[in-house]
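Engineer: Got a structure here, written out as structure tokens. Questions coming.
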Amino acid sequence: MKAVLASNNKHKLVEIKTMLSDKFQDIYTLADLNINVEIEENGSTFEENAYIKANTIAKLTGLPAIGDDSGICVSALNGEPNIYSARYAGEPCNDKNNNTKLLSKLHALENSGDKVDRTAYFQSVVVLCYPDGSFISGSGRTYGKIIDDYRGSNGFGYDPIFLSDELGKTFGEATMEEKNKISHRSRALKDLLGKMKNVF
């Protein structure tokens, strides 16, 4: 069986291919299939956005499609950036600007004298959707805290400033193998795989 990832994010593709290689003969990106489409992510939750992406691409290609939506939720910011993580600092999306805005908001709270809770978690929801609209979803979280200094050059997004509770290092410092063991996306994919076993 073949599937298509409703994204051109190469980092996500590597993680998803690694986890789902036993289930799919191949997983294509949108670029592989020469698809150039803007999908409006107007859901209010990670699951809604993941489904919107997967459902749109499944109907467009006639293939099972995998949609992922993920983000970071920071305690001191009442769960922000949440579903807006990728575009937190506005368009065009830029990891550096997003990280800068996140840290600036934490610093502003600290400078006002508030006690700031820097604990955070990454949340991921992965949806496998079929052309008929039926779907299976999996979700996962991983916990840590936000630090000021950027550590490591691996990963993407908020990885360099997210200090993992389980690894004792940032996701930016972690190898792909280390990250895949405990990341929010790997846990969402494992959850999805467990549900797929009950279906196939």
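Engineer: Using θ = phi - 60° and the Karplus relation 6.51 cos²θ - 1.76 cosθ + 1.60, list the HN-Hα couplings for the range 51-59 in order, rounded to whole Hz, with x at every Gly or Pro.
Structural biologist: For the range 51-59, the Karplus-derived couplings read 5, 4, 5, 5, 5, 4, 6, 4, 5 Hz, x marking Gly and Pro.
Engineer: How far, in degrees from 0 to 90, does helix 95-111 lean away from the longest principal axis of the Cα atoms of the chain, to the nearest 10?
Structural biologist: Once rounded, the angle reads 40 degrees.
Engineer: Considering amide H positions built from the backbone, and no H for Pro or chain starts, which residues 5 or more places from Tyr28, or on another chain, come under 5 Å of its amide H?
Structural biologist: Long-range HN contacts for Tyr28: Ala3, Val4, Leu5.
Engineer: What order do you get for 62-72, 139-149 when each peptide is scored by the mean count of other beta carbon atoms within 10 Å, highest first?
Structural biologist: Result, highest mean first: 62-72, 139-149.
Engineer: For the chain, what is the accessible area per residue in Å², given a 1.4 Å probe and the full set of protein chains?
Structural biologist: Details: 9810 Å² over 200 residues.
It amounts to 49 Å² per residue over the chain.
Engineer: If I stretch the segment between Lys59 and Glu91 completely, what's the gain in nm (0.36 nm per residue apart, minus their alpha carbon distance), one decimal? Kindly include the intermediate steps, with their values, before the conclusion.
Structural biologist: Details: separation 32, 0.36 × 32 = 11.52 nm, distance 2.75 nm.
Separation in residues times 0.36 nm, less the Cα-Cα distance, equals 8.8 nm.
Engineer: What is the helix-to-structure angle for 184-197, meaning the angle in degrees between its Cα long axis and the longest Cα principal axis of the chain, kept from 0 to 90 and rounded to the nearest 10?
Structural biologist: Tilt of helix 184-197: around 30 degrees.
Engineer: Shape of the range 18-66 from its Cα gyration tensor (a ≥ b ≥ c, root eigenvalues): rounded if a/c is under 1.5, otherwise prolate when a/b > b/c, or oblate?
Structural biologist: Oblate, since a/c reaches 1.5 and b/c is not below a/b.
Engineer: Here's another thing I want to ask about it. Along the Cα-to-Cβ line of Lys145, 7 Å from the Cα, sits a label point; which residues in the range 165-190 have backbone N less than 16 Å from it?
Structural biologist: From the range 165-190, the list is 165-171.
Engineer: Taking the Cα centre of the range 1-85 as the origin, how large is its charge dipole in debye, to the nearest 20, when only Lys and Arg (+1) and Asp and Glu (-1) carry charge on their Cβ atoms? Could the numbers behind the result be given before it?
Structural biologist: Working: 7 positive and 12 negative charges, 66 e Å.
The calculation lands at about 320 debye.
Engineer: I need the peptides 18-28, 121-131, 161-171 ranked by packing, meaning the mean over residues of other C-beta atoms within 10 angstrom, with the highest value on top.
Structural biologist: 121-131, 161-171, 18-28
Engineer: Could you name the lysines in cross-link range of Lys101, using Cα to Cα under 18 Å and dropping any fewer than eight places away on the same chain?
Structural biologist: Answer for Lys101, where 18 Å is the Cα cut-off: Lys145, listed by chain and number.
Engineer: Using a Gaussian network for the chain with springs between C-alpha atoms less than 10 Å apart, which of these wobbles most: Ala108, Ala86, Ala120?
Structural biologist: Fluctuation is largest for Ala108.
Engineer: Rounded to the nearest 5, what is the percent of antiparallel bridges among the DSSP beta bridges in the range 1-124?
Structural biologist: On the way: 6 of 11 bridges.
Here the share of antiparallel DSSP bridges comes out near 55 percent.
Engineer: Would you mind classifying the range 138-200 by shape? Square roots of the alpha carbon gyration tensor eigenvalues, ordered a ≥ b ≥ c; an a/c under 1.5 is rounded, otherwise it is prolate if a/b is larger than b/c and oblate if not.
Structural biologist: In terms of gyration-tensor shape, prolate.
The values are calculated or read from the model by the stated rules, or taken from the named source; none is laboratory data. Note that the structure is predicted; figures quoted are calculated from it, not measured. When we count neighbours, we look across all protein chains shown, and the Cβ atoms used for this are built from the backbone with ideal geometry, even at glycine. Protein only, heavy atoms only, side chains kept; ligands, DNA and RNA dropped before computing areas. Shrake-Rupley method; radii C 1.70, N 1.55, O 1.52, S 1.80 Å.
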